[in-house]
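What follows is a set of notes on a single structure, which appears directly below.
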Amino acid sequence: MSDKKTALVISAHAADFVWRCGGAIALHQKLGYEVTVACLSFGERGESAKLWKQEGMTLEKVKTERKREAENAAKALDVHDIQFLDLGDYPLVLDTDAKYKIVDIIRDVQPKWMMSHSKYDPYNTDHMYTTEVALECRMIAQAWGHNPGQKVLGAPQLYLFEPHQTEQMGWKPDVFLDITEVWDKKRAAIECMEGQFHLWDYYTNVAQNRANHFRRNSGGQSGGRDAKYAEGFQTVFPICTDELA
Ligand SMILES: [Zn+2]
């Protein structure tokens, strides 16, 4: 059996993985993981306002442009594989066959950990729906009766990455990841999102603030790590360990 380390990020729209966990992706690629990103849609209707303001814009043109941006960002983060499921956005709706496609991806990747959105997001129901789907598909992938003979999924953690307008989402981080050593890659990926220029500095700021929390929670001025950039995550499942840290 292969002992390669893998991870899977399930992103509602083409850009979400960049802002919310680009550092985790680049860092784990550096640590020897193969990180796969599944984009359920391109965010073509709901997260592409700048493109729609251009004259003669069509849905196909927007999708093409968003795909190009996401592929460039994925390259900047050293993503192992990015898959576009093109399921539509605003609203994002998955039928059972679409869910089975995600189950296939999960079983194929056999991730050590998974990542998706916050559980609650009244501003963007596609986001919270994606997490509901991620949990549902994780459950199906664990079912011995689903496609018997395929390798059944273990119990990867689902990390919920940071939403926009954090406090409105009931999202509470319990993990901080120091991404200082890969910050240049994350910033380069952020800058691939040309249509969302207004978010570039906002998410730089978020990373700097989370680094402050990393420093405080790793010991502060008494031996804390001098992180400059960090990302926060909320775990869904208990952590099983042999030694408390
Ligand atoms: Zn989104």
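A few points about this structure:
- Rg/Rh for region 45-164 (Cα atoms only, Rh after Kirkwood) is 1.00.
- Region 1-51 - percent relative contact order, Cα under 8 Å, separation 6 or more: 50
- Net +/- balance of residues flanking W113 in space, Cβ distance below 13 Å, scoring K and R +1, D and E -1: +2
- 29 Å Cα-Cα threshold exceeded, pairs from K101/K228; K53/K75; K67/K151; K67/K119; K99/K172: K101/K228; K67/K151
- Sorting 21-30, 125-134, 215-224, 81-90 by average packing, meaning the other beta carbons within 10 Å per residue, from highest down gives 21-30, 125-134, 81-90, 215-224.
- Beta bridges per DSSP, both residues in region 6-233: antiparallel share near 20 percent.
- Charge dipole magnitude, Cβ of K and R +1, D and E -1 - region 6-233, Cα centre, debye nearest 20: 520
- Lys, Arg +1 and Asp, Glu -1 on Cβ, resulting dipole of region 1-132 about Cα centre, debye, nearest 20: 340
- Projecting the Cα atoms of V79, G56, H164 onto the charge dipole of the chain, computed from C-beta unit charges around the Cα centre, puts V79 farthest toward the positive end.
- Equivalent ellipsoid of region 136-245: semi-axes from √(5λ) of the C-alpha gyration tensor, largest first, are 31, 21, 13 Å.
- Ratio of the Cα radius of gyration of region 6-233 to 2.2 N^0.38 Å, where N counts its residues: 1.00
- Over the chain, relative contact order from alpha-carbon pairs under 8 Å, at least 6 apart, %: 23
- Choice from N212, N147, N124 with maximal GNM fluctuation in the chain (Cα, 10 Å cutoff): N147
Coordinate-derived values only; no laboratory data. Keep in mind that what you see is a predicted model, and the values were worked out from it rather than measured. Cβ atoms come from the backbone with ideal geometry, glycine included; neighbour counts cover every protein chain shown.
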